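The values are calculated or read from the model by the stated rules, or taken from the named source; none is laboratory data. Remember, it's a predicted structure, so these values are computed and weren't measured experimentally. Glycine also receives a Cβ, built like all others from the backbone with ideal geometry; neighbour counts cover every protein chain displayed.
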Amino acid sequence: MNNSKVAIFQVILIVTCSLGIYQYSLNDEANAVGEIIVIDSNGYEHRFEESPQRVAITNTYAASVMRMLDVDPNVIVGISGDFYDESLWPEFVNTPLVQQSAHSEIDFESLLDTRPEIYIVFATNGMVDTNAIREKLEPVGIKVVALDFYKYDKLEDEISVIASLFSKEVEASNLFAEFDQIETLVENRISGISNDSRPNIVMEHHASLTRDPVVLTGTSQWTDMIEKAGGRNVFADLPGHTTHVDMEAILDENPDVLMFDGITFDIGFNAFDEEGKCKTHMDFIAERPGFDEVEAVQKDRMLIMSGEFAGPMMIHGLPTLAKLLHPTLFEDIDADLYLDNFFTQYHDIDRTGKFVCISSSEE
């Protein structure tokens with residue numbers, strides 16, 4: 001009987017120890033792969049034991065989001081030449097350049113000298129080969145985190161990635177509450193508009209400056225903006241992010257509003273279109289064969305919006321676009337105030353510059 005009890009005790013002891021060792025191994029494995037897990041916009045999972053302390057970034061959109069979440073700028077050890085405005089980015093005046101712009105070739109020697117843990121790049125920008133960058137940097141221990149911050153439907157998800165990386169979940173929650181407030185304001189104002197009453201809009205890409213029309217389709221960030229502001233992108237159903245169309249296609253649609261993204265124009269923060277390129281461009285559009293019969297041209301409803309509207313500022317810029325499309329519905333709304341608050345609150349600087357060019361009121 002005693003031998004049986006001893007045997008049973010030994011079995012229990014062995015099972016208990018085995019379970020303990022198994023549980024320990026699970027915990028040890030979890031700790032080994034990292035406590036922070038994020039998935040970037042290319043679908044890649046990244047694991048970190050702690051928040052990254054050395055970060056290289058290629059574009060100002062990522063830096064803006066880090067500011068919006070109050071991430072310590074000292075973690076940024078490498079930048080691109082897009083941070084040329086010292087008044088807006090004074091903390092990066094002496095930060096090493098790792099590439100000339102977000103779209104240029106990487107200076108790998110300079111990048112490796114900065115010893116970054118992660119490199120934040122665009123995820124889906126057609127001018128950036130994110131996969132090639134990942135193949136070169138991941139083997140040397142640099143995690144390539146791909147985030148765009150220029151797609152309306154992905155913006156909060158991408159901001160959440162930065163929040164998780166740097167333990168800024170509270171700041172992200174407050175930011176999203178502000179987003180909701182702005183979106184609700186606009187949504188309430190346009191809720192009574194029927195689909196037939198929404199202005200038909202053609203949004204041309206800046207590539208249209210040098211070739212036949214290139215329009216933005218339904219997968220572009222601008223379509224989300226246009227729809228949220230109470231408009232309709234007439235080319236939303238075309239394939240691709242951007243696509244060429246014939247002049248006749250635009251004439252057939254006879255849009256109420258012609259919009260152009262302003263990335264290549266001298267407008268935006270600290271830029272004033274001093275050479276009048278906005279007016280030159282809109283005059284050029286009006287002189288296209290047959291465009292004198294287009295509703296948008298006849299009623300002076302052509303808009304050029306700065307690149308900031310296609311980045312992390314897009315929700316703060318939503319009232320501006322909504323008021324341009326529906327001036328009577330937003331007559332009592334100071335849309336500029338939302339843009340001003342974006343810069344004073346998140347960049348700690350007064351907004352200066354020309355952010356929108358309008359054909360009917362050229363300054």
What is the one condition in (1) more than 18 Å from the chain's Cα centre (by Cα); (2) closer than 21 Å to K154 by Cα that T58 does not satisfy? (1)
Against the conditions (1) at pLDDT below 95; (2) under 21 Å from the mean Cα position of the chain (by Cα), where does D212 fall short? Just the number, please. (2)
Would you call P239 modelled with pLDDT of 95 or more and outside any helix (DSSP H, G or I)? no
Considering only the stretch 332-354, state which residues are more than 15 Å from L185 (Cα to Cα), charged (D, E, K, R) and part of a helix (DSSP H, G or I). D340
If we scan the stretch 157-171, do we find a residue that is in contact with a Pro (Cβ under 6 Å, 6 or more places away or on another chain), crowded, with 20+ Cβ neighbours inside 10 Å and of a type outside the set (F, W, Y)? no
Could you tell me which residue of the stretch 172-197 is nearest to R301 (Cα to Cα), considering only residues that are free of Cβ contacts under 8 Å to residues at least 60 places away in the same chain and not in a helix (DSSP H, G or I)? S194
Return yes or no: is L325 closer than 27 Å to D246 by Cβ, modelled with pLDDT of 95 or more and touching a Gly at 6+ places or on another chain (Cβ under 8 Å)? yes
I want to confirm something. Restricting to the stretch 64-89 and keeping residues that are of a type outside the set (S, T, Y) and within 19 Å of F179 (Cβ to Cβ), which single residue is surrounded by the most Cβ atoms within 10 Å (Cβ to Cβ)? V65
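Residues checked against (1) touching a helix residue (DSSP H, G or I) at 6+ places or on another chain (Cβ under 8 Å); (2) within 17 Å of T223 (Cα to Cα):
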position: R115; (1), (2): no, no
position: T130; (1), (2): no, no
position: Y150; (1), (2): yes, yes
position: E158; (1), (2): yes, no
position: A163; (1), (2): yes, no
position: V170; (1), (2): no, no
position: A177; (1), (2): no, no
position: L185; (1), (2): yes, no
position: V202; (1), (2): yes, yes
For the stretch 294-331, which residues satisfy the criterion of being surrounded by fewer than 23 Cβ atoms within 10 Å (Cβ to Cβ), in contact (Cβ under 8 Å) with a residue 40 or more places away in the chain and assigned to a loop (DSSP other than H, G, I, E, B)? V294, K299, D300, R301, G311, H326, L329, F330
Just a yes or no: is a residue in the stretch 236-256 among the aliphatic types (A, V, I, L, M) and either farther than 19 Å from V297 by Cβ or within 17 Å of the chain's Cα centre (by Cα) (or both)? yes
Among the listed residues L137, L111, L185, identify the single one that is of a type in the set (A, V, I, L, M) and not assigned by TED's automatic domain parsing to the domain that holds P73. L185
Out of the residues in the stretch 237-270 that are surrounded by fewer than 19 Cβ atoms within 10 Å (Cβ to Cβ) and among the small types (G, A, S), state the one that is nearest to G290 (Cα to Cα). A249
Taking the condition of being assigned to a loop (DSSP other than H, G, I, E, B) and either surrounded by 21 or more Cβ atoms within 10 Å (Cβ to Cβ) or of a type outside the set (D, E) (or both), how many residues in the stretch 208-236 meet it? 13
